[in-house]
Amino acid sequence: MLLQFSCANHKSIRTKVLFSAMAGKDRSHEDMTLPISEGRVLKSAVIYGANASGKSNFIDAIAFMKNLVTRSVQLQPGQTIRQIPHKLSSADESEYEMHFLASNVHYVYGFSICHGIVTNEYLFYFPNGRQTKIFERENMSVTLGYRFRGKFKNAMEVLKENRLFLSCAANFSNIQEVLDVFRFFDHELVIYHPANQENWLNYSLYQIHENAAIKDAVIQFMRELGIALNDIIVKIDQTKIDSAQLPPILSEEFKQMLMQQNVDAISAKLEYDGITVDLMAEESTGVQKLFGLLCPLIDIMANGKILICDELESGLHEALLYGLVKLFMNYQSDKFAQLFFSTHETGLLNLDLFRRDQVWFTEMRNSDRSTDLFSLAELKSIRKDENLGKGYISGKYGAIPMLNLNFADVVQKLMG
C-alpha cells in the first residue's frame, strides 16, 4: 500500500510537495483506515483544485516514477531521461520519493535526475522496525547494505547513468526484497488517465469474455449503481486491418505489412429488460467509461492494489461517480485496496464520505506559478457539519480561481 509520496521540480511543481496516506488524529470513518505498526493508513483520498493548478502534474509525477522504475533498464547508451523541470526553478535536479508497503514490509525508495541522468538513488527497508540500507547511489557509484554485499554483481554490469539501479537489479538479480519493490511499482501501483480509456475498455471486455466470475461481478456492480443490466455478450473475432484505418503518413510497404496481420475485432451487446443495445455504438460515453473502469477496479479491490486516477469524473454522471466511490469505500475484503483520484466534482466533497485528511487541494502560487499541495486537515476552524462543497466553491480553502471579472463591463468595452 502507498504510505507517502513527495517530489520536487517536476513540471509545475517547483519546491517539494508531500502527499501522505497516513491518517491523522481525526477518529471519524475509522473503517476507512487500516492500522499498521507506523499508524493508520487511509483507504482513499481525493484531490481538488482549479484548472492548471497542478493536479494532473502531481499524478503525472507518480506515473513518471512508476514508468522509470519499470522501463529505464531498456534505455540505450546516449539516451537521456525525459526530464521536465519547473520553468523558473534555479535547481537542475528533479526529486522523487515514495514510502510504501510491499509484502507487508515498509520500504523507502527515491531518486534524483539532473539533465536527463540519474544523480542519486536509494532503497531502504524496515524489516524489524529499524531502517536498513539495501543500496545507495551517487551518480555511478553504488554502496550496498551489509546484508546485500556481493549480491548485485550482474546489476552493476548493466548499470548506466540513464538507468535506475533498481530497474537493473530487478532484471539482473534474484534478490527477494528488490523483486518485491519492483513488483509494487510494476503490478500493484496502477495509474489511470482518461486518454487511456479505450485500452481499459478493451481490457475489461476481454476479461468479461474470458472470466464468468468477472462478468457476474460487473453485472452486479452495474445493478448496485442503478443500471438494470441483465447480461453482457462479448464477441472477439479475428479480422484483417482495413487500409482506411491506417494513418496516411505510413509508407505503402508498412501498410501492406500491417494489412497482412490479423487483429481482434471486439463487439459487446448489453441486455436490459426487453432491449439489447450495442455498447460501442449506442451506449453513452458514461456507461462505456464504467465498463472500462469496473474490471480494473474489481481486480484492484480483490487483490489489494492501488488505483490512482486523474479526473475520475470524466464522462461520468455525478450520481454514478458518487456511487462508484461509495462502492469502493464500502467494499470489505481481507486485502486493503486504495483509491486516490483528482476531480472537479464537488458532490463528493462532504464529511459523510471523506475524512478531513482524505481531502487534498492543489493551488497555483501566483509568485512563481508553482503548485502547492495541502490537505483539509491542515486548515483550522473546519466544523464537522461544514458544507465543504459550498466552502470550496466560495474559495474558503483556496485552491480555486476567484472570478472577479465584471463580464458586462468587458463586453461593453469591446462593443465600444
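Key figures
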| item | result |
| --- | --- |
| Sequence ranges 317-325, 303-311, 227-235, ranked by mean other-Cβ count within 10 angstrom, highest first | 303-311, 317-325, 227-235 |
| Lysines whose Cα lies under 16 Å from that of LYS384, excluding same-chain neighbours fewer than 8 positions away | LYS25, LYS396 |
| Cut-off under 5 Å, modelled amide H: who pairs with CYS309 long-range | TYR192, PHE340, PHE341, SER342 |
| In nm, spacing of pseudo-spin labels at ILE117 and HIS193 (7 Å Cα→C-beta vector) | 2.7 |
| Relative contact order [Cα under 8 Å, 6+ residues apart], the chain, whole percent | 20 |
| Shape category assigned to segment 18-140 from the gyration tensor of Cα positions, a/c cut at 1.5 | oblate |
| Computed FRET value (nearest 0.05) for LYS235 with ASN51, which takes r as the C-beta separation and R₀ as 41 Å | 0.50 |
| Backbone N within segment 103-128 under 19 Å of label point (7 Å from SER141 Cα along the Cβ vector) | 111-114, 117-123 |
| Ranking of ASP334, ASP26, ASP357 by count of other Cβ atoms within 10 Å, fewest first | ASP334, ASP26, ASP357 |
| For segment 277-336 and segment 49-102, distance of Cα centres in Å | 26 |
| Ordering of 374-380, 162-168 by packing [mean C-beta count within 10 Å, highest first] | 162-168, 374-380 |
| Unit Cα scatterers, Debye sum, the chain: log10 I(q)/I(0) for q = 0.15 Å⁻¹ | -1.44 |
| Gyration tensor (Cα) of segment 277-393, equivalent ellipsoid semi-axes in angstrom | 28, 18, 15 |
| Qualifying lysines (Cα of each under 26 Å from Cα of LYS289; at least 8 residues distant if same chain) | LYS43, LYS55, LYS66, LYS215, LYS235, LYS269, LYS305, LYS326, LYS335 |
| Extension gain (nm, one decimal) between ASN202 and THR80, 0.36 nm per residue minus Cα-Cα | 40.7 nm |
| Label zone at ASP186 (point 7 Å along Cα-to-Cβ), backbone N below 18 Å, segment 47-78 | 63-76 |
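Bear in mind these aren't lab numbers, they're just calculated from the coordinates by the rules spelled out. Everything quoted here is computed from the prediction, not taken from an experiment. Because the Cβ atoms are built from the backbone with ideal geometry, glycine has one as well, and the counts that use them run over all protein chains shown.
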